[in-house]
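The values are calculated or read from the model by the stated rules, or taken from the named source; none is laboratory data. Bear in mind that the values here come from a model prediction, so they are computed numbers and not experimental data. Neighbour counts are summed over all protein chains in view; Cβ atoms, including those assigned to glycine, are modelled from backbone coordinates with ideal geometry. These accessible areas exclude ligands, DNA and RNA; they are computed on the full protein's heavy atoms, side chains included. Shrake-Rupley method; radii C 1.70, N 1.55, O 1.52, S 1.80 Å.
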Amino acid sequence: YIGTQGILQGTFETFAAVAEKSFGGTLAGTITLTAGLGGMGGAQPLAVTMNGGAVLVVDVDESRLRRRVEHGYLDEQTDDLDTAIERALAAKAAGEARSIGVVGNAADVFPELLARGIPIDIVTDQTSAHDPLAYLPSGVAFEEWKAEAAADPERFTARSRKSMARHVEAMVGFQDAGAAVFDYGNSIRREAELGGYERAFAFPGFVP
């Protein structure tokens, strides 16, 4: 485990490859949508802005957003989705490299952005989807997370997978709308498939 600083170069190179393949060598004028600012996921916003792009990153834990701002990996944070969208769209229009973090659950936010028709160019995710107990289901308060998971791990796992199915369904929806979408190795496609979503593997992993 190499943490945020150790994974920054690899994350930068991944987004640079996306820029090269799909956007003429730079992410300027694009919005990346992602989630998860834990250990390695925390490198994502800086990796995108280093490639010239704007990025909207979602996390259920406000303290993670705050820490990334304090350490220079994230430019700003908000708990208001409308504000986050407005700032991301302004950065896209200006061709500005800007990272905006918003407090929220990706299983709710991703479908909401898709339904609103927000022009997202790139979508990925680095939530802790490999462990359903480490993924907060939609409808469970952040403060109740640990207690709910401990009280009934099987039910919590089922709820997590159902939320991951919604999360991944939205990612596939963005791909259908023309976005570059890729899995970042956190097993969310498999968990979403277990949650009942049949098209979970419609988008590729990050290596290709």
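Details
- Count of the stretch 30-73 residues which are surrounded by fewer than 21 Cβ atoms within 10 Å (Cβ to Cβ), touching a strand residue (DSSP E or B) at 6+ places or on another chain (Cβ under 9 Å) and assigned to a loop (DSSP other than H, G, I, E, B): 2
- Residue, surrounded by the most Cβ atoms within 10 Å (Cβ to Cβ), within the stretch 91-112, restricted to residues that are assigned to a helix (DSSP H, G or I) and out of contact with any Ser or Thr (no Cβ under 8 Å at 6 or more places or on another chain): PHE110
- Any hit, the stretch 197-206, residues being part of a helix (DSSP H, G or I) and buried (at least 18 other Cβ atoms within 10 Å of the Cβ): no
- Applying the criterion of being closer than 29 Å to GLU20 by Cβ and under 15 Å from the mean Cα position of the chain (by Cα) to the residues of the stretch 74-90, the residue that is surrounded by the fewest Cβ atoms within 10 Å (Cβ to Cβ) is ILE85.
- Hey, GLU144 modelled with pLDDT of 95 or more, charged (D, E, K, R) and either part of a loop (DSSP other than H, G, I, E, B) or closer than 29 Å to LYS21 by Cβ (or both) or not: no
- Cβ-Cβ contacts under 6 Å between residues 6 or more apart (or on different chains), taken from a first residue in the stretch 188-208 that is over 13 Å from SER160 (Cβ atoms) and among the charged types (D, E, K, R) to a second residue that is open to solvent by 80 Å² or more (accessible area, probe 1.4 Å) and in a loop (DSSP other than H, G, I, E, B), are listed as ARG189/PHE201.
- For the condition in a loop (DSSP other than H, G, I, E, B) and under 26 Å from PRO208 (Cβ atoms), GLY185 qualifies.
- Flag if THR157 is over 21 Å from ILE85 (Cβ atoms) and surrounded by 19 or more Cβ atoms within 10 Å (Cβ to Cβ): yes
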